[in-house]
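*Asks:* Supplied in structure tokens, the structure appears directly below.
The values are calculated or read from the model by the stated rules, or taken from the named source; none is laboratory data. A quick note: this is a predicted structure, and the numbers were derived from the prediction, not measured. Using ideal geometry, Cβ is built from the backbone for each residue, glycine included, and neighbour counts are taken over all protein chains shown. Protein only, heavy atoms only, side chains kept; ligands, DNA and RNA dropped before computing areas. Shrake-Rupley method; radii C 1.70, N 1.55, O 1.52, S 1.80 Å.
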Amino acid sequence: MTTPRTLLDKVWAAHEIAVRDDGTSLLFIDRHFVHEGSHHAFRKLAERGMSLAEPGLTFGVADHYVPTRGRGAPIADASIARMVRTLDENAARHGFRLYGLDDSRQGIVHVVGPEQGLTLPGTTIVCGDSHTSTHGALGAIAFGIGATEVAHVLATQTIWQKKPARMRIVVDGRLGPGVGAKDVALAWIGELGADGARGHAIEYAGSVVRDLSVEGRLTLCNLSIEGGGRLGMVAPDGTTLAWLAGRPEAPTGSAFDRACEEWLALASDPDAAFDRDITLSADAIAPIVTWGTSPEDALPITARIPDPSLADDPARAERIRAALDYMGLAPGRPLEGTPVDRVFIGSCTNSRIEDLRAAAAVLAGRRAKVPGMVSPGSSLVKVQAEEEGLDRIFVEAGLDWVASGCSMCVGMNGDIVAPGERCASTTNRNFRGRQGPGARTHLMSPAMVAAAAVAGTLADVRPMLDGRPVP
Amino acid sequence: MTPFTRHEGTAVGLPFENVDTDQIIPARFMATPRSEGYGRFLLHDLRHDEAGAARPDFPLNRADAAGASVLVARRNFGGGSSREAAVYALVDAGIRAVLAPSFGDIFCGNAVANGLLPARLDPDAIEALLAMAPCPVVVDLDATTVEAGGRRFGFEIDPVFRVKLSNGWDDIDLTASWGERIAAFTAERRARAPWLWRT
């Protein structure tokens with residue numbers, strides 16, 4: 001009898017070209033995504049006079065620095081214009097496909113890949129971006145890498161990696177109304193810490209994960225890195241296959257049927273062993289917001305702001321004190337009711353159509369008390385949202401509806417939160433200065449950001465639902 | 001890449017947890033070509049006030065930390081963004097080793113690729129070093145020890161990283177010798193999953 005294997009084991013083994021004496025594997029890479037921030041890696045390649053090993057498995061997307069307003073006009077910022085142009089030039093020189101600034105399919109790389117069907121079950125995917133873990137939602141091994149590794153993949157279509165330890169997070173029970181994938185992710189990160197899954201590949205399982213849409217699974221896997229995980233995965237199932245069918249780059253006809261059989265067989269064997277097993281009860285998860293400067297600083301909206309004087313050790317007390325000082329918060333006060341200055345809906349974490357629908361469901365017929373912007377995850381999501389009339393709901397609520405890109409999640413394109421301003425945000429990092437120098441970020445789900453917009457404060461979305469269906 | 005074997009220098013304490021790569025180098029500096037040097041961006045928004053003036057009380061700005069080449073920090077150093085620019089900022093500022101109880105995984109790979117040692121020490125050892133810093137230290141990769149103030153602390157590093165650092169190896173050169181295996185595997189992959197390739 002063969003040893004039972006996990007999803008990770010199966011996909012890993014299918015891509016292992018060799019194992020070195022020191023235990024490091026040489027993995028074949030099926031999909032390599034690059035963006036305009038990958039210029040360091042292309043420069044390394046040029047210095048060696050090397051070309052791409054597999055331009056047909058390399059895909060470029062302009063997202064990190066692109067403007068979200070005034071599309072069509074030349075980019076005003078010279079250094080950004082240069083980076084976007086460099087990506088265009090590299091795509092032309094090396095012959096890889098580019099979803100560039102003017103492409104109707106442009107968007108955030110971690111939204112475009114799955115949307116185009118480039119992200120497929122059982123594949124290996126890398127990108128010079130830590131949120132590459134997103135793609136694991138479809139049953140891929142997908143992880144972020146640095147510029148040196150990007151150059152290595154460009155040159156060889158392979159990467160040297162030590163196999164991560166196997167961790168399973170099982171979420172059972174039922175999510176309550178107004179509670180979604182973002183809350184599940186922040187719940188486990190709050191419990192285990194920002195380095196809680198360090199060195200591990202996470203497989204998400206359990207009834208809640210099986211019931212999640214692909215969009216929800218993408219959000220869950222996206223945030224794996226915020227808990228220190230190397231990658232996140234969900235076993236392909238009927239939901240996955242239905243979602244993939246007909247995507248532009250997915251196989252078609254008999255090839256699709258054959259692939260589906262292989263993909264369904266990737267699920268972890270019933271008796272497969274995991275190095276760590278974590279169980280979460282969905283019934284206990286409330287809508288969550290962060291209060292500090294790390295995603296681990298996550299609490300239910302009904303909680304109070306932590307008090308450093310009650311912390312169990314001095315280093316922890318010091319960290320809470322520093323975080324509250326940066327965030328401009330007083331210890332012991334309820335989180336709910338904390339005034340916010342602006343809201344942001346977007347990023348590779350929460351900008352897909354379902355995210356926009358969830359926010360719009362809360363905002364419909366209501367006005368935002370604070371300014372904010374909504375940046376859809378891709379130009380195609382933007383079109384779809386407009387067809388569904390979601391853009392009008394956002395605009396009538398007083399929010400700006402802008403073009404697609406990483407935007408205010410990382411502030412590279414100039415969409416920033418002003419110093420000292422407090423932003424309710426659907427993004428992934430509440431790090432100091434992440435959304436701009438001195439910016440104060442509270443992470444939460446799209447429905448919760450919509451609630452914060454309506455209330456002008458951190459707010460519990462649940463009383464605002466009034467039977468409104470939040471997907 | 002410069003091999004790392006043994007390093008003597010000054011250690012400076014950065015007594016914070018979760019020093020993420022956004023703090024090590026804020027995103028707005030990353031459009032800069034590497035040739036211009038990244039050292040001045042290191043921990044920029046922690047080291048400087050809103051007006052851009054150096055905060056005199058910040059550990060790296062203190063006179064006794066001048067020329068420091070070893071950083072001592074609390075847990076989860078280098079978590080977050082995969083930006084290798086965080087390592088460029090450390091290396092260009094003259095840092096050769098970072099000592100902490102834990103590191104972000106991607107940061108570790110980036111560090112080793114650039115000859116920067118990420119050494120994992122017990123939290124107690126880190127607290128002892130933070131209490132001494134700034135201070136002279138000796139970091140020995142062969143012995144996997146850090147010596148400071150007459151005390152010696154062991155550290156951990158993935159054996160693969162250790163070999164790579166001590167040899168100054170570059171992966172692209174190493175992988176060249178696997179060319180035939182890669183070509184054979186690619187052909188096999190193409191046969192098994194032809195849909196991966198665009199026609």
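*Asks:* Can you pull out every residue in segment A:333-350 that is farther than 30 Å from A:LEU310 by Cα and either part of a helix (DSSP H, G or I) or in contact with a strand residue (DSSP E or B) (Cβ under 7 Å, 6 or more places away or on another chain) (or both)?
*Replies:* Within segment A:333-350, the first condition is being farther than 30 Å from A:LEU310 by Cα, and the residues that meet it are A:342-350.
Passing the criteria: A:ARG342, A:VAL343, A:PHE344, A:ILE345, A:GLY346.
*Asks:* When residues of segment A:19-30 are filtered for being farther than 13 Å from B:THR186 by Cβ and in contact with a strand residue (DSSP E or B) (Cβ under 8 Å, 6 or more places away or on another chain), how many remain?
*Replies:* 4
*Asks:* Tell me, please, whether a residue that is part of a loop (DSSP other than H, G, I, E, B), within 14 Å of chain A (Cβ to nearest Cβ) and open to solvent by 40 Å² or more (accessible area, probe 1.4 Å) can be found in segment B:92-104.
*Replies:* No.
*Asks:* If you don't mind, there's one more thing I want to ask. Would you check which residues across segment A:97-111 are more than 13 Å from every other protein chain (Cβ to nearest Cβ) and in contact with a Cys (Cβ under 9 Å, 6 or more places away or on another chain) and list them?
*Replies:* A:ILE108, A:VAL111
*Asks:* Also, I was wondering about something else. Restricting attention to segment A:277-321, and to residues there that are exposed (fewer than 15 other Cβ atoms within 10 Å of the Cβ) and basic (Lys, Arg), which single residue is farthest from A:SER224 (Cα to Cα)?
*Replies:* Applying the filter and picking the extreme gives A:ARG304.
*Asks:* Give me the residue from segment B:23-34 that is at the interface with chain A (Cβ under 9 Å from one of its Cβ atoms) and assigned to a helix (DSSP H, G or I) and, out of that set, most open to solvent (accessible area, probe 1.4 Å).
*Replies:* Step by step, filter segment B:23-34, then rank; the result is B:ARG28.
*Asks:* While we're here: Does A:ASP172 qualify as being closer than 17 Å to A:LEU231 by Cα, acidic (Asp, Glu) and out of contact with any His (no Cβ under 7 Å at 6 or more places or on another chain)?
*Replies:* Against the criterion (closer than 17 Å to A:LEU231 by Cα, acidic (Asp, Glu) and out of contact with any His (no Cβ under 7 Å at 6 or more places or on another chain)), A:ASP172 does not qualify.
*Asks:* Considering B:VAL112, B:VAL72, B:VAL137, which residue is open to solvent by less than 10 Å² (accessible area, probe 1.4 Å), away from every other protein chain (no Cβ under 12 Å) and within 13 Å of the chain's Cα centre (by Cα)? Steps first, answer last, please.
*Replies:* On the way: B:VAL112 fails: away from every other protein chain (no Cβ under 12 Å); B:VAL137 fails: within 13 Å of the chain's Cα centre (by Cα).
None of the other options fit; the residue is B:VAL72.
*Asks:* Take A:VAL61 and decide whether it is out of contact with any Leu (no Cβ under 7 Å at 6 or more places or on another chain) and open to solvent by less than 50 Å² (accessible area, probe 1.4 Å).
*Replies:* So A:VAL61 passes the test.
*Asks:* Among helices (runs of 4 or more DSSP H) lying entirely in segment A:203-283, which contain 2 or more residues that are free of Cβ contacts under 8 Å to residues at least 40 places away in the same chain and away from every other protein chain (no Cβ under 14 Å)?
*Replies:* Result: A:207-211, A:238-244.
*Asks:* Hey, can you tell me all the residues within segment A:441-465 that are buried (at least 21 other Cβ atoms within 10 Å of the Cβ), outside any helix (DSSP H, G or I) and touching a strand residue (DSSP E or B) at 6+ places or on another chain (Cβ under 6 Å)?
*Replies:* The answer is A:THR441, A:HIS442, A:LEU443, A:MET444, A:LEU458.
*Asks:* Let me ask you something else. From the list A:GLY56, A:GLY49, A:GLY95, A:GLY72, pick out the single residue that is open to solvent by 20 Å² or more (accessible area, probe 1.4 Å), touching a helix residue (DSSP H, G or I) at 6+ places or on another chain (Cβ under 6 Å), of a type in the set (Gly, Ala, Ser) and more than 25 Å from A:ALA273 (Cβ to Cβ).
*Replies:* Exactly one of A:GLY56, A:GLY49, A:GLY95, A:GLY72 is open to solvent by 20 Å² or more (accessible area, probe 1.4 Å), touching a helix residue (DSSP H, G or I) at 6+ places or on another chain (Cβ under 6 Å), of a type in the set (Gly, Ala, Ser) and more than 25 Å from A:ALA273 (Cβ to Cβ), namely A:GLY95.
*Asks:* Hey, another quick one. Out of A:ARG468, A:ARG434, which single residue is touching a residue at least 60 places away in the same chain (Cβ under 8 Å), part of a loop (DSSP other than H, G, I, E, B) and not β-branched (Val, Ile, Thr)? Before the answer, list the steps.
*Replies:* Working: A:ARG434 fails: touching a residue at least 60 places away in the same chain (Cβ under 8 Å).
After applying the criteria, what remains is A:ARG468.
*Asks:* Hey, among the residues in segment B:51-61 that are assigned to a loop (DSSP other than H, G, I, E, B) and closer than 20 Å to B:ASP92 by Cβ, which one's farthest from the other protein chains (Cβ to nearest Cβ)?
*Replies:* Here the residue is B:PHE58.
*Asks:* Related question: Residues that are more than 17 Å from A:GLY414 (Cβ to Cβ) and touching a Lys or Arg at 6+ places or on another chain (Cβ under 6 Å): find the strands (runs of 3 or more DSSP E) completely inside segment A:1-82 holding 3 or more of those. First the steps, then the outcome.
*Replies:* Working: elements: A:16-19, A:25-28, A:31-35, A:58-61.
Per the criteria, no element qualifies.
*Asks:* Among residues belonging to segment B:142-199 that are free of Cβ contacts under 8 Å to residues at least 40 places away in the same chain and of a type in the set (Asp, Glu), point out the one that is least open to solvent (accessible area, probe 1.4 Å).
*Replies:* Here the answer is B:GLU147.
*Asks:* Shifting gears a bit: Residues of segment A:366-421 being among the hydrophobic types (A, V, I, L, M, F, W, C) and in a helix (DSSP H, G or I), which ones?
*Replies:* Listed by number, the residues that qualify are A:LEU380, A:VAL381, A:VAL383, A:ALA385, A:LEU390, A:ILE393, A:PHE394, A:VAL395, A:ALA397, A:MET408, A:CYS409.
*Asks:* Here's something else I'd like to know. Looking at (1) part of a loop (DSSP other than H, G, I, E, B); (2) at pLDDT 95 or above, which is the one condition that is false for A:ALA92?
*Replies:* For A:ALA92, the failing item is (1).
*Asks:* I'm trying to understand the selection: among the residues of segment A:167-189, which are touching an Asp or Glu at 6+ places or on another chain (Cβ under 6 Å) and surrounded by fewer than 22 Cβ atoms within 10 Å (Cβ to Cβ)?
*Replies:* A:GLY173
*Asks:* Give segment A:351-365 a look and list any residue that's in a loop (DSSP other than H, G, I, E, B) and closer than 17 Å to A:CYS406 by Cα, or say none.
*Replies:* Hits for segment A:351-365 are A:SER351, A:ARG352.
*Asks:* Restricting attention to segment A:414-432, which residues are modelled with pLDDT of 95 or more and either under 22 Å from B:PHE41 (Cβ atoms) or basic (Lys, Arg) (or both)? Give the derivation first.
*Replies:* Here is the first cut: in segment A:414-432, the ones modelled with pLDDT of 95 or more are A:415-432.
Result: A:ASP415, A:ILE416, A:VAL417, A:ALA418, A:PRO419, A:ARG422, A:ARG429, A:ASN430, A:PHE431, A:ARG432.
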